[in-house]
Structure formats: C-alpha cells, structure tokens
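Below is one structure, written out as structure tokens, with a few remarks after it.
The values are calculated or read from the model by the stated rules, or taken from the named source; none is laboratory data. Given the structure is predicted, the values throughout are model-derived calculations rather than measurements. For neighbour counting, all protein chains shown are included, and Cβ atoms are generated from backbone atoms with ideal geometry for every residue, glycine included.
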Amino acid sequence: MRKNAKIVQISGIRGLLFIIFVVVCLAAGFIVFPGLVGMCLWNCLLAASFGVPEINIFQGILLWGIVALGIYLTSGRFSFVQLKRPAQLDEDEIQDLMTKIKARSQGAKINSIILNSEKLHSKENLEAKENSATLSEEKKKENL
C-alpha cells in the first residue's frame, strides 16, 4: 500500500504565483543558462579563432536546442525524458484513498457548520443586546 501518496491542492493567487515562479526557475535553469553557456563558448572559441560572426543569447538558446535535440535523436539508450504510465492502484489503496477524501470532505462540512453556528450565535447575541437596550429605554421612559 502506498503511504506516501499525497494529493496536492493549489488554489488562489498564491498558488498561481508559486507555479509561475517554479516554471520561470525551470526555464532559466534548463533553457537560458545552457543557451548562455553555448553563446559564450561560441563567441570565445569559434568567433575569436575562426572569425565566424558572434551570436546573441537567443541564437545561443537555439544552438542549445539543436545540440540537445541532436543528442536525444542520436543516442538510442540515453534519453532525457521518459514517459511512463503510472502503476495502477490496487483495491485496498483505492479504498484507503477514498476514505481519506471522505474524511476531509466531512471535516470541511463540519467546519462550515461550526462557522455558521458561530455567526448565528453572534447575531442572536447582537439581537439580545438590542432588545435589552430598547427595554431599558422603555423602562426609563415609564419611570419619567
């Protein structure tokens, strides 16, 4: 049974900003940095030695893409990305996961009921204070 299975929930603007941050960091680390290295190597080695024109960062990123694609296509046993189908869950794991989901949803329902009851109590207390204030004003008027 998989005890490490977790359901990740990303919600709100904070979660969206986190995802954008992760994507930008991955793009910088796996695309821009190797492109910068390729640009520097091209400009330092080839442009200085053989007189070929210098390239900019965008051309360096394209150079990195061509190199990475060439390595991927020519090497049969070595691949950067492997797509595998996840292993199927057995019945016990599915039942365990479903009970956890039901418990969380019931906990959310109970929390909403508690919050609603607190709102009702605060409204009742407010109404009781208003009623007592009006009664005390009426008693003052009767005494005068």
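What to note about this one:
- If you filter the stretch 18-77 down to residues that are of a type in the set (S, T, N, Q) and surrounded by fewer than 12 Cβ atoms within 10 Å (Cβ to Cβ), you find that the one that is modelled with the highest pLDDT is 56.
- Of all residues in the stretch 98-112, those that are closer than 15 Å to residue 9 by Cα and hydrophobic (A, V, I, L, M, F, W, C) total 2.
- Each residue in the stretch 78-111 was checked for being of a type in the set (Gly, Ala, Ser), at pLDDT below 80 and over 30 Å from residue 31 (Cα atoms), and 1 pass.
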